[in-house]
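K.L.:
Here you go, one structure.
What follows is calculated from the coordinates using simple rules that are stated; it is not laboratory data. The model shown is predicted, which means the values in this text are computed figures rather than measured ones. All Cβ positions, glycine included, derive from the backbone under ideal geometry; neighbour counts span all protein chains shown.
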Protein chains: 2
Amino acid sequence: MAMVEIIDTTFRDAHQSLIATRLRTEDMLPIAEKMDKIGFYSMEVWGGATFDVCIRYLKEDPWERLRLLREHIRKTKLQMLLRGQNVVGYRHYPDDVVEKFVELAHKNGIDIFRIFDALNDVRNMEVAIRKAKDVGAEVQGVIAYTTGKIFTLEYYMKKVEELLQLDVDVITIKDMAGLLTPKKAYELVREIKETYGVPVNVHTHSTTGMAVATYLKAVEAGADYIDTAISPLAFGTAQPGIQTIWHALPKAVGSHLDRELIHEVSRYLKKLLEEKYWGLLHKEALMVNPYVLKYQVPGGMYSNLIAQLKEMNALDKLDEVLNEIPRVREDLGWPPLVTPTSQIVGTQAVLNVLFGRYERITNEVKNYIKGFYGRPPAEINPELKKLVLGDEEPITVRPGELLEPRLGKCRKELEELGYLQKEEDVLTYCLFPQVALEFFRVRAEGIRKPEIPKTAQKFRVYVDGVEFEVGVE
Amino acid sequence: MAMVEIIDTTFRDAHQSLIATRLRTEDMLPIAEKMDKIGFYSMEVWGGATFDVCIRYLKEDPWERLRLLREHIRKTKLQMLLRGQNVVGYRHYPDDVVEKFVELAHKNGIDIFRIFDALNDVRNMEVAIRKAKDVGAEVQGVIAYTTGKIFTLEYYMKKVEELLQLDVDVITIKDMAGLLTPKKAYELVREIKETYGVPVNVHTHSTTGMAVATYLKAVEAGADYIDTAISPLAFGTAQPGIQTIWHALPKAVGSHLDRELIHEVSRYLKKLLEEKYWGLLHKEALMVNPYVLKYQVPGGMYSNLIAQLKEMNALDKLDEVLNEIPRVREDLGWPPLVTPTSQIVGTQAVLNVLFGRYERITNEVKNYIKGFYGRPPAEINPELKKLVLGDEEPITVRPGELLEPRLGKCRKELEELGYLQKEEDVLTYCLFPQVALEFFRVRAEGIRKPEIPKTAQKFRVYVDGVEFEVGVE
Ligand SMILES: [Co+2]
Ligand SMILES: [Co+2]
């Protein structure tokens with residue numbers, strides 16, 4: 001078994017998955033220097049949902065977080081997760097926004113950009129990839145892993161080829177839902193290594209309980225990088241803990257990581273979780289979810305469907321909806337289920353069951369069929385296409401091409417409002433106009449960051465020998 | 001990869017590990033027939049801590065539970081975990097008690113006895129094994145897996161040989177703490193299979209997050225049986241869920257298990273957990289524990305030490321105590337850490353740190369050194385032996401030999417008290433005299449079983465976008 005490098009996700013995916021992205025910068029900094037010395041190849045610390053949550057809930061400047069982390073983490077590479085043309089948002093942005101974002105992220109400290117698109121449409125990743133390469137950053141080009149009859153080894157190899165044509169440095173197999181089995185991981189990694197010899201990174205989640213076994217087989221097949229977090233901020237819906245990976249793959253992980261430092265960080269995180277974030281850490285996120293495996297949908301999508309149906313007083317239709325999902329996916333040309341396609345497919349499946357198949361069609365599905373999200377992995381059902389488009393044809397150009405530049409306009413508006421303090425603010429505003437304005441207002445008024453109230457205190461109560469945990473604030 | 005048979009632990013180890021052994025018979029019976037039809041090789045439903053908890057907390061007759069389960073589970077074999085000469089208790093019992101227990105357990109429905117000893121002293125398993133073979137039951141002879149410099153492949157192979165001399169049907173590798181790595185599992189299983197060709201069963205816990213990977217390599221090496229539970233009553237401190245194992249090892253598990261039935265049972269368990277046992281299911285039991293890996297002690301022992309030190313206001317000595325444990329283990333001839341040796345070693349390590357090494361010695365350590373627990377895996381430190389025994393010599397006979405028969409005496413006492421309803425009551429009384437009397441009193445007075453109060457209701461509270469879980473009864 002060859003050596004594998006470790007990418008640590010503690011400051012991004014781990015807390016995003018386990019405690020709703022709520023880890024604050026002030027709680028990262030005290031251990032940032034220790035983490036820098038552990039010996040990770042890289043630390044994923046930015047992007048994904050962290051940007052949005054910073055300004056929306058934490059009233060923190062994400063750019064300031066990045067600057068501070070870079071100040072404390074000098075040796076280890078820093079990386080971010082970029083949603084291609086969606087940047088760190090939920091819809092396509094114009095090219096000028098994408099390019100400026102990459103430029104400033106790199107300038108503020110990002111060494112590696114991990115770039116994906118929800119449809120695996122490489123055109124939606126192209127602008128970001130080119131810019132990242134331009135500024136001299138490392139690029140991990142992502143194939144989003146999903147299941148469904150069209151997702152053969154050939155499909156993925158074709159995607160790899162497209163990414164390599166854009167000169168990415170590493171291929172990342174991104175398994176959002178924890179559906180990548182040990183066997184599939186082995187086959188896929190080996191095929192990529194044998195065909196192209198490029199560095200391969202595997203990213204999975206412990207949601208279904210297979211992650212450690214999946215990494216083991218991926219590494220046996222020659223994976224060069226795997227993503228882990230530091231227990232106890234690990235496992236469950238997040239990545240496996242490095243402490244476990246060390247024991248499970250001793251030869252591959254090797255001896256260049258500092259175990260004592262990992263232990264110190266682990267103790268800090270344990271105390272922090274217990275004292276400040278305990279109420280955010282739900283049992284549901286820690287328990288392995290067997291329904292993800294049965295229905296092959298991500299855990300978040302499964303619980304969203306339940307919430308949606310409950311609200312509509314139609315929870316008894318859950319099974320029908322779950323069976324409708326593969327049908328809708330097939331009709332829509334098999335989109336992977338990840339933000340935003342998971343929501344699009346889920347809602348349409350609910351409507352199909354409640355009101356008859358395609359009796360009601362959401363605007364998102366219409367836009368999807370018009371091509372505004374990009375090119376689906378397979379053909380859209382011609383009848384559905386006809387039903388939505390009539391005689392119109394879907395767009396065939398890269399969706400980003402249709403969007404007007406926005407940077408200049410945003411800068412001007414922000415200046416007029418008196419909120420412009422630095423170039424980065426323009427991007428924050430471009431990406432989340434409303435949320436950003438509220439954030440800038442709070443910042444301008446010098447309002448203190450909202451304190452997190454002390455998490456619910458736990459008590460153990462015994463009733464006739466049966467133990468209960470009760471929480472009191 | 002060859003086929004592997006599945007032993008389901010849902011009704012024994014899974015709820016023992018995750019919800020303090022509190023699952024009631026009335027909650028098992030509604031799905032017992034479904035589980036019978038799933039296609040498991042066997043179901044572990046009895047023994048371990050279930051016997052004690054039944055009479056002590058649930059005021060249920062464990063024999064009645066077994067009878068009822070057998071009534072509902074006609075096809076699948078039923079098995080129990082037997083602590084060798086400790087039967088289902090915490091100390092050695094006389095041979096007549098051990099033998100009668102095996103006889104009546106078999107008569108009431110146990111097909112397979114899984115028999116272990118905390119010191120891997122096969123003499124402590126011998127009476128139970130012979131009796132189980134005598135009555136025509138299947139025997140899984142256990143080697144308790146642990147770490148420490150003497151626990152080489154040779155050590156384990158010697159134990160396997162001793163067990164095979166007693167004609168056990170299956171060798172069970174029992175990893176209580178989740179310390180068995182994928183690599184060690186592979187080596188050990190392969191060596192046993194190649195040397196003896198006997199059926200091998202691997203039992204591990206997900207406590208450290210390696211279990212699925214460990215099973216994967218064990219099956220690659222030719223393991224014949226693995227232990228799983230049904231999610232969501234799985235993972236965490238319990239066994240991995242069968243739903244995950246199915247996906248992780250599709251070829252090995254094969255197609256003879258009924259996935260739809262597993263899904264129905266899973267839904268039932270989910271509802272049951274949420275409505276009745278949610279407060280017993282602690283986050284700590286669901287989170288992977290990295291300290292088990294670092295200190296190579298079982299999770300329960302680690303949290304006990306913390307509790308003990310907190311009580312003594314000496315939590316700052318935790319590291320010293322954890323470092324003292326391997327020293328005490330070495331001095332005591334490397335006992336595996338499992339009930340009761342984990343308590344014996346842990347307490348002595350605490351005393352050593354607080355008062356100086358062996359300045360105070362517990363009675364348990366004295367009895368241990370006198371040989372009353374059996375023969376340790378390695379030599380006891382001669383100086384410590386001298387300190388405790390002076391010129392005395394430890395016993396060399398099988399400890400059980402020294403104990404007077406008790407069955408007759410117990411039967412007589414029970415008759416006089418008016419509590420004897422059936423032969424099985426004598427055993428219940430022999431094993432747990434005080435607890436049994438209270439149980440019989442409750443039973444005689446026809447007091448209703450204590451109701452489990454409705455578990456704390458959960459509420460999600462949002463404070464400035466930060467979510468809290470609070471419990472209110
Ligand atoms: Co992820
Ligand atoms: Co166990």
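K.L.:
Hey, can you list the DSSP H helices of chain A whose Cα span along the axis is 27 Å or longer and whose average Kyte-Doolittle score is at least 1.0?
P.N.:
What comes out of the filter, once short or polar helices are dropped, is none.
K.L.:
OK, next. Arranged by the count of other C-beta atoms within 10 angstrom, fewest first, what order do A:LYS294, A:LYS422 take?
P.N.:
A:LYS422, A:LYS294
K.L.:
Shifting gears a bit: Let's test this: bin the Cα-Cα distances of the range A:386-447 at 5 Å from zero up to the farthest pair and state each bin's percent.
P.N.:
In whole percents, the pair-distance histogram is 4, 16, 21, 15, 10, 8, 8, 8, 6, 4, 1, 0.
K.L.:
With bins 10 Å wide starting at 0, give me the P(r) of the range B:218-265 over every alpha carbon pair, in whole percents.
P.N.:
24, 57, 18, 0
K.L.:
Please express the Cα-Cα pair-distance distribution P(r) of the range B:270-353 as a list of whole percents, one per 10 Å bin, running from 0 to the bin with the greatest distance.
P.N.:
Spelled out bin by bin, the range B:270-353 gives 16, 44, 25, 12, 4 percent.
K.L.:
Anything over 29 Å Cα to Cα? Flag those among A:LYS59/A:LYS100; A:LYS184/B:LYS283; B:LYS310/B:LYS370, in the order listed.
P.N.:
A:LYS184/B:LYS283; B:LYS310/B:LYS370, as the Cα separations exceed 29 Å there.
K.L.:
If you project the alpha carbons of the range A:200-304 onto their three principal axes, what span does each projection cover, largest first, in Å?
P.N.:
Sorted from largest, the Cα extents of the range A:200-304 read 41, 38, 18 Å.
K.L.:
What is the spin-label model distance, in nm, from B:GLU445 to B:ASN367 if the labels are put 7 Å beyond Cα along the C-beta direction?
P.N.:
It works out to 3.1 nm between the two label points.
K.L.:
Report the Rg/Rh value for the protein assembly as shown, based on alpha-carbon coordinates and the Kirkwood definition of Rh.
P.N.:
Across the protein assembly as shown, the Cα-based Rg/Rh ratio is 1.00.
K.L.:
May I ask you to derive the relative contact order of chain A, considering only C-alpha pairs under 8 Å and at least 6 residues apart, and to give it as an integer percent?
P.N.:
The value is 17 percent.
K.L.:
On each of the three principal axes of the Cα atoms of chain A, give max minus min coordinate, whole Å, ordered largest first.
P.N.:
That gives 64, 60, 53 Å along the principal axes, largest extent first.
K.L.:
Quick one: Karplus J couplings for the range A:358-372, per residue in order, coefficients 6.51, -1.76, 1.60, θ = phi - 60°, nearest Hz, x for Gly and Pro?
P.N.:
Once θ is set to phi - 60°, the couplings for the range A:358-372 become 6, 5, 10, 10, 6, 4, 5, 5, 4, 5, 4, 5, 5, x, 6 Hz.
K.L.:
Can I ask one more? If neighbour count is taken as other Cβ atoms inside 10 Å, put B:LYS174, A:LYS159 in order from fewest to most.
P.N.:
Ranking B:LYS174, A:LYS159 by Cβ neighbours within 10 Å, fewest first, gives A:LYS159, B:LYS174.
K.L.:
Over all directions, average the projected area of the Cα convex hull of the range B:87-216 and note it in nm².
P.N.:
Averaged projected hull area, Cα only: 8.2 nm².
K.L.:
I'd like the distance between the alpha-carbon centres of the range A:319-341 and the range B:66-101, rounded to an integer number of Å.
P.N.:
The range A:319-341 and the range B:66-101 have Cα centres spaced 49 Å from each other.
K.L.:
Using Cβ contacts closer than 10 Å as the measure, can you line up A:ASP316, B:ASP425 from fewest to most?
P.N.:
A:ASP316, B:ASP425
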